[in-house]
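Each value in this text was obtained by applying a stated rule to the coordinates, not by laboratory testing. Small disclaimer: the values here were computed from a predicted structure and weren't measured. Using ideal geometry, Cβ is built from the backbone for each residue, glycine included, and neighbour counts are taken over all protein chains shown.
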Amino acid sequence: MLIKKLYSVVKISKLKIWMDSCTTKQSRIACSLSTEFDKLGYDYYITARDIDYNYSYLKQVFKIDFYPVGRLGHTREEKLLIYTERVKELTEIILEKEGKPDVVTSLTSPGAARVAFGLKIPIITYSDTPHAFAVWRLTMPLTTYALIPISVPKESALKWGVKEENLYIYDGVDELAWTKNAKYDRDVPKELNLTEDDHYCIFRPDEAVSSYFMDNPDLSPKLPVNALIVKKVIENYPDHKIVVFPRYKEQTKYFKDQWGSKIIIPKKAVDTISLMKFADLVVSGGGTMTRESALIGTPSVNCVQLDLLDPDRYLQNHGLPLFYEPNIEKAADLTVKILKNPDKYRIKDTSKILENMESLNDVILRILEEKF
């Protein structure tokens, strides 16, 4: 299939789309898009990086085929070496297996951007994390079309060379794509031996080895910053179940060594949207899970070691139950307070709040329709 030149008005008869996924969030986006692509008759394939539960999500939860390519690097040197290996593997998939796609979509994947640029493949890049300056700097100058939520200042993208006419701003958050019409399975907690009578909360540690945290001396994968919150919950609510989703092996070891059978660490991925729906609270040192939780009405506490994230502020302004507290001791106190009466903070039905928000997927589909 010949790739369409950007100035051409000739429509491609059947689009072939490459989606690259470097995290579980990106896999959620790719899988939600795949459902729409199936309806439209588009061809597509997914490449994915090995990071925490990503492969398990794709296999066990999403049940979708993908090419496993690359893994997470923990140091600058390791990140660079793994990047070069991944670029080679991604290129080989195109040249030897899939052929050249008409377009690639990714959440600021440096590997996908470099390969697509080198092979003259149009690039659709989406992101809600301008604080991830390293990957923005490596991807935004190469992208053909950039998508950011309305909460992120457009200057964040324009300063890296994105042309204003190719910048798409949508009135929503990324996580809306798979939460707005989510179906909840009451049996999912049972996969972790949780009964309907159990009260439980969900914890996600910080992103200590992300590029934007590597210079922070207070963050280490061996000592999760929100571990103190887990400790406080165990002390104040000994009968409360705690589900922890570690990001790294070091975090898994830490939580097991500290609390053993007092906490639940899933061995494989589960449908976390359903799990969060029936939880009392979600606490995270990142952003995705707290936004997912808030969108479906379950209270969440974000203790990320950054300023309040733009998409989080957007959800707060819409009245959704997302709380921000970077001070870990104060976050622990807030967690204990919410768990005393979680229903006071829960929103049982968020559909009215979400109905006027715009989905990232809708914007991507519009670009594919209009530009290809």
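Cross-link pairs exceeding 24 Å between alpha carbons, from the set 14/154; 25/267; 39/120; 120/154; 241/267; 249/340: 14/154; 39/120; 120/154; 249/340. Each Lys and Arg Cβ is given +1 and each Asp and Glu Cβ -1; about its Cα centre, the chain then shows a dipole of about 520 debye. With a cut-off of 12 Å between beta carbons, the residues surrounding residue 133 carry a summed charge of +1, where Lys and Arg count +1 and Asp and Glu -1. For region 98-143, applying the loop criterion from DSSP together with a ceiling of 16 other beta carbons within 10 Å to the trypsin sites (Lys or Arg not before Pro) yields 120. Our estimate of slack between residue 36 and residue 355, defined as 0.36 nm per intervening residue step minus the Cα-Cα distance, is 112.9 nm. Highest mean first, the peptides 175-181, 63-69 sorted by other C-beta atoms within 10 Å per residue fall in the order 175-181, 63-69. Enter the angle in degrees (range 0 to 90, nearest 10) between the Cα long axis of helix 249-259 and the first principal axis of the Cα atoms of the chain, meaning the one along which they spread out most. The two axes meet at around 10 degrees.
Extent of region 188-354 along its three principal axes (Cα atoms, max minus min coordinate, largest first): 42, 36, 28 Å.
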